[in-house]
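The values are calculated or read from the model by the stated rules, or taken from the named source; none is laboratory data. Just so we're clear, the structure is a prediction, and the values are computed from it rather than from any experiment. No Cβ is skipped: glycine too gets one built from the backbone with ideal geometry, and neighbour counts run over all protein chains shown. Note: areas computed on protein heavy atoms with side chains; ligands, DNA, RNA excluded. Shrake-Rupley method; radii C 1.70, N 1.55, O 1.52, S 1.80 Å.
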Amino acid sequence: MSATPTEITFFERLIPSILEEKKVITIRDESESDYKPGSIVELFANEHRTHYGKLKIIAVSPLCYDDINEYHAQQEGMTLPVLKALIKDIYPTTQSLYLIEYQLVK
């Protein structure tokens, strides 16, 4: 079992929707599934490690790619086709994913 992560990174373009609390989930593969509900993690942008605040991890649960639906897209702050294309772009061969729910710590 890996150590509980203390930070989470997102593409810079997704940061505004996180800070506006429109994006409240992320879908990751197994390598990024060790977040613990109740933990507080530092929020960074992937591209240049800019720090944007803290997120509280609410829940982590398994999610099959084929089960990604409109509700997930709404929580991601994007349309379902855009979300599925983004996930396929990041994890082209992965079916077994993890849904990480979080909230912005104010």
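Of all residue pairs spaced 6 or more apart or on separate chains, those with beta-carbon atoms under 9 Å, a first member in the stretch 47-68 that is farther than 23 Å from Val82 by Cα and small (Gly, Ala, Ser) and a second member that is open to solvent by less than 90 Å² (accessible area, probe 1.4 Å) and in a strand (DSSP E or B) are Gly53/Glu42; Gly53/Leu43; Gly53/Leu104; Gly53/Val105; Ala59/Leu99; Ala59/Ile100; Ala59/Glu101; Ala59/Tyr102. Would you be able to tell me the number of residues in the stretch 79-106 that are open to solvent by less than 40 Å² (accessible area, probe 1.4 Å), within 15 Å of Ser17 (Cα to Cα) and aliphatic (A, V, I, L, M)? Result for the stretch 79-106: 2.
Would you confirm whether or not the stretch 26-34 contains a residue that is in contact with a His (Cβ under 9 Å, 6 or more places away or on another chain), open to solvent by 30 Å² or more (accessible area, probe 1.4 Å), in contact (Cβ under 8 Å) with a residue 12 or more places away in the chain and acidic (Asp, Glu)? Reasoning before the result, please.
Filtering the stretch 26-34 for residues in contact with a His (Cβ under 9 Å, 6 or more places away or on another chain) gives 27.
Now drop any that are not open to solvent by 30 Å² or more (accessible area, probe 1.4 Å), which leaves none.
No, the stretch 26-34 contains no residue that is in contact with a His (Cβ under 9 Å, 6 or more places away or on another chain), open to solvent by 30 Å² or more (accessible area, probe 1.4 Å), in contact (Cβ under 8 Å) with a residue 12 or more places away in the chain and acidic (Asp, Glu).
Taking the condition within 22 Å of Ser31 (Cα to Cα), in contact with a Leu (Cβ under 8 Å, 6 or more places away or on another chain) and either modelled with pLDDT of 95 or more or not small (Gly, Ala, Ser) (or both), does Tyr52 pass? Working first, answer last.
On the way: within 22 Å of Ser31 (Cα to Cα): no; in contact with a Leu (Cβ under 8 Å, 6 or more places away or on another chain): yes; either modelled with pLDDT of 95 or more or not small (Gly, Ala, Ser) (or both): yes.
Criteria not met by Tyr52.
Within the stretch 8-25, track down each residue that is modelled with pLDDT of 95 or more, open to solvent by 30 Å² or more (accessible area, probe 1.4 Å) and under 12 Å from the mean Cα position of the chain (by Cα). If the condition is that a residue be modelled with pLDDT of 95 or more, open to solvent by 30 Å² or more (accessible area, probe 1.4 Å) and under 12 Å from the mean Cα position of the chain (by Cα), then Thr9, Val24 are the ones that fit.
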